[in-house]
Ligand SMILES: CC(C)(COP(=O)(O)OP(=O)(O)OC[C@H]1O[C@@H](n2cnc3c(N)ncnc32)[C@H](O)[C@@H]1OP(=O)(O)O)[C@@H](O)C(=O)NCCC(=O)NCCS
């Protein structure tokens with residue numbers, strides 16, 4: 001794969017209950033409201049712990065603009081997740097934010113990141129959204145979608161273990177520091193493109 005392949009990433013994707021779409025500067029109010037309600041739950045998220053207070057509207061709009069820029073340049077892909085009409089009065093509510101990042105075009109593999117809005121938690125909506133983002137990654141040509149969770153992030157571990165197609169592969173000790181600078185163990189989860197055949201036979205003789 002190559003960077004140019006990411007241009008095929010859809011700007012939006014619908015699922016049974018959700019709309020995933022690329023965020024932008026006009027989403028400032030949605031992002032601000034969602035993050036400010038959910039920040040206390042983002043204990044293991046670096047950007048959330050680096051903050052000294054709630055998002056202002058301007059900061060959230062700037063963030064939406066940056067995410068759009070990253071998406072367009074292919075440095076990472078971003079989807080804002082919203083509830084659709086089936087949610088009635090809750091239609092349009094923010095469910096979370098998902099990104100695809102750390103592309104390795106040689107492998108080719110990609111890493112998933114996700115934060116959910118606490119007000120929509122526990123309904124399987126983030127699961128539905130993450131599965132849709134995983135599908136997008138496979139459609140783009142990646143053969144492996146991986147997700148890392150701090151070994152102490154019990155809710156995220158439970159969530160990743162419940163994702164259809166994902167497997168807990170093991171622990172990476174001292175892999176990266178947590179938001180407070182302490183070395184951590186990260187747990188690796190991954191899904192492989194359906195039908196992918198892994199080499200198991202010895203390679204051909206030279
Ligand atoms: C990780 C995170 C996204 C998981 O969110 P979540 O609310 O647990 O995810 P879901 O909304 O998909 O909820 C799954 C739950 O909904 C339940 N559920 C309810 N209705 C459902 C339905 N129709 N379909 C599927 N699941 C359903 C599931 O059984 C599951 O419940 P359980 O946790 O008791 O097993 C969220 O906890 C979060 O944002 N954490 C903070 C940020 C973070 O740490 N991100 C991860 C970094 S690695």
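Values computed for the structure shown
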| quantity | calculated |
| --- | --- |
| Conditions (1) surrounded by fewer than 13 Cβ atoms within 10 Å (Cβ to Cβ); (2) closer than 17 Å to residue 83 by Cα: number failed by residue 4 | (2) |
| Filtered residue count, segment 93-120, keeping only those that are in contact (Cβ under 8 Å) with a residue 60 or more places away in the chain, within 12 Å of the ligand (Cβ to nearest atom) and surrounded by fewer than 18 Cβ atoms within 10 Å (Cβ to Cβ) | 2 |
| Index of the failed condition, residue 40 passing every other in (1) in a strand (DSSP E or B); (2) over 20 Å from residue 129 (Cα atoms) | (1) |
| Checklist (1) farther than 21 Å from residue 153 by Cα; (2) assigned to a helix (DSSP H, G or I); (3) within 13 Å of the ligand (Cβ to nearest atom) applied to residue 62, failing item | (3) |
| Scope segment 148-206; condition more than 21 Å from residue 137 (Cβ to Cβ), more than 12 Å from the ligand (Cβ to nearest atom), in contact with a strand residue (DSSP E or B) (Cβ under 9 Å, 6 or more places away or on another chain) and outside any strand (DSSP E or B); matching residues | none |
| Residue identified as without any contact (Cβ under 8 Å) to a residue 24 or more places away in the chain, surrounded by 14 or more Cβ atoms within 10 Å (Cβ to Cβ), under 17 Å from the mean Cα position of the chain (by Cα) and closer than 22 Å to residue 127 by Cα among 77, 31, 82, 39 | 39 |
| Segment 50-63 residues that are touching a residue at least 40 places away in the same chain (Cβ under 8 Å), paired with ones that are surrounded by fewer than 19 Cβ atoms within 10 Å (Cβ to Cβ) and assigned to a loop (DSSP other than H, G, I, E, B) (beta carbon under 9 Å, 6 or more apart) | 50/179 |
| Residue match in segment 1-8 (condition: under 25 Å from residue 149 (Cβ atoms) and within 16 Å of the ligand (Cβ to nearest atom)) | no |
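Computed from the coordinates by the stated procedures, all read-outs in this text should not be read as laboratory data. Everything quoted here is computed from the prediction, not taken from an experiment. All Cβ positions, glycine included, derive from the backbone under ideal geometry; neighbour counts span all protein chains shown.
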